[in-house]
Amino acid sequence: MFQNIWFVAAIWMALALSASLVSIWSGISVALIEILVGVITGNFLHLQSNNEWIGFLAMLGSGVLTFLAGAEIDPHSLKANLRASALIGVISFAAPFALVWIFAQFVLRWPLHQAQIAGIALSTTSVAVVYAVMIEGGYSDTAMGKMILAACFITDFGTVLALGGLFANFSLWLVVFVVVMCIVLWFMPTWTKSIIDRLGATRVSEPEVKFILFVLFFLGGLATTAKSEAVLPAYLVGLVVAGVFLHDKTLVHRMRSIAFAVFTPFYFIRAGSYVSLPALWPALAIVAGLLFLKMITKMVGVWPLARMHFMNRQQAAYTTLLMATGLTFGTISALFGFQNHIIDQRQYTILVTVVILSALVPTLFAQKFFQPSKDAMHAWGRLYRRRLGTLSVEDTEEPDAPPR
């Protein structure tokens, strides 16, 4: 039965369906439930997640989800909330990166490069989890939601720069990848808008979706050939076409439906299945220490900045906890270190476990105890606009919005 690809696919879809039902019943993000399902089935039901096609669907899920997260960052909102997003994003990366590196090198006695991988892996914020939470709650259209997504982008961009700067395999392919990516990013908004304007009426064949997927696959191929990661160009492509998507919500909704129904369950369930409970128990103290260090550095760094940018205590706690999450770039960084023989199997298990726990714990607390209402998140945008004299996106949609 487990050699039949259809039965295996049915099992994975049954797990995804059960996660959706539990999510609806509990009110917890489906991404977190899928991760928990992966942990349970991987350890107790011995779920096999190493099939090549499962890995491809999971990889596709992370890429499309990262692209959609970038596409949700409205350019006008990013500009209006740039100070808050930039400061929160930079400190959210820098504080855990430096302190985890120091802790791993001088307390855990890991060698330099292994400690650097630990710092990079635990400096991230999970775009995938934060985006899933924002979409499910309908918060991605608020100024506060967009600010948090933009801060996630800045944090993970710092992670990518650190990984590339410290461990990049400088070669001709890397130069080709950077040059081609810059060219594609420059022309991508024009190409996308042209296809939508000329072929948008051809809804059955979905040319816009196919074009987006072609670009993501092509740049992903160049990225992996250059020893980089496919999610980086996916995020940047989403960011540059965000302005085009702002005027064509139908395309976003189509790609979002495809991603959440088919691709992302494989990504989140597979991520959870990587947590090995037997390997976890002997290193439980290290895992707890690293998780605590990541959480406390994020809180100490982000909380004061959130309060400084006119958030009340509930909003500041919610923002801080979401910025403390980790998954996509954290697991990618740990896997990079393991595949390139920088860290060993034990260190990889420890880092991946901490990363996955950081996707679960802060998000669970954020949703259950500190979730602001949509009205409160809209109100923060109006307050931010009044205090700094800028205009938030949702304010432009209000009939009584003041002029610039």
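First compute the accessible area of the chain with a 1.4 Å probe, then give the percent of it belonging to carbon and sulfur atoms. It is 69 percent, rounded to a whole number.
Taking every alpha-carbon pair under 8 Å whose residues sit at least 6 apart, the chain reaches a relative contact order of 29 percent. In the range 237-323, a dipole from Cβ-located charges (positive for Lys and Arg, negative for Asp and Glu) runs towards its positive end, and of Ala271, Ala261, Gly243 it is Gly243 whose Cα lies farthest in that direction. A crude spin-label estimate for the pair Ile102 and Lys210, with each label 7 Å from Cα along the Cβ direction, gives 5.5 nm.
Under the rule a/c < 1.5 gives rounded, and otherwise a/b versus b/c splits prolate from oblate, where does the chain land using the Cα gyration tensor? Taking the square roots of the gyration eigenvalues as a ≥ b ≥ c, the chain is rounded.
Per residue, how many Å² of accessible area does the range 57-152 show with a 1.4 Å probe?
On the way: 2680 Å² over 96 residues.
Dividing the accessible area of the range 57-152 by its residue count gives 28 Å².
Applying the Kirkwood pairwise sum to the alpha-carbon positions of the range 220-274 produces a hydrodynamic radius of 13.1 angstrom. Quick check: from the Cα gyration tensor, does the range 1-118 come out rounded (a/c under 1.5), prolate or oblate? Judged from the Cα gyration tensor, the range 1-118 comes out oblate (a/c at least 1.5, b/c at or above a/b).
Take the alpha-carbon positions of the range 171-275, form their convex hull, and give its projected area averaged over all directions (one quarter of the hull surface) in nm².
Details: hull surface 30.7 nm².
Over every viewing direction, the Cα hull of the range 171-275 projects on average to 7.7 nm².
Largest first, the three principal axis extents of the alpha carbons in the range 242-333 are 50, 39, 22 Å in whole numbers. Over the chain, DSSP H runs of length four or greater, each weighted -39,500 (n - 2.57), average out per residue to a 222 nm ellipticity of -25000 deg cm²/dmol.
Taken about its Cα centre, the chain carries a charge dipole of roughly 640 debye when the Cβ of each Lys and Arg holds +1 and the Cβ of each Asp and Glu holds -1.
For the range 127-249, what is the charge dipole size about the Cα centre, in debye to the nearest 20, if Lys and Arg each add +1 at the Cβ and Asp and Glu each add -1 at the Cβ? Numbers along the way, then the final one.
Numbers: 7 positive and 8 negative charges, 42 e Å.
Charge dipole of the range 127-249: 200 debye, to the nearest 20.
Shape call for the range 129-228 from the C-alpha gyration tensor, a ≥ b ≥ c root eigenvalues: rounded (a/c under 1.5), prolate (a/b greater than b/c) or oblate?
It is oblate, given that a/c is not under 1.5 and a/b is not larger than b/c.
The values are calculated or read from the model by the stated rules, or taken from the named source; none is laboratory data. For clarity, every value in this text was computed on a predicted model and none was experimentally measured. Here Cβ is always computed from backbone atoms with ideal geometry, including for glycine, and neighbour counts include all displayed protein chains. In case anyone asks, the SASA skips ligands and DNA or RNA and just uses the protein heavy atoms, side chains included. Shrake-Rupley method; radii C 1.70, N 1.55, O 1.52, S 1.80 Å.
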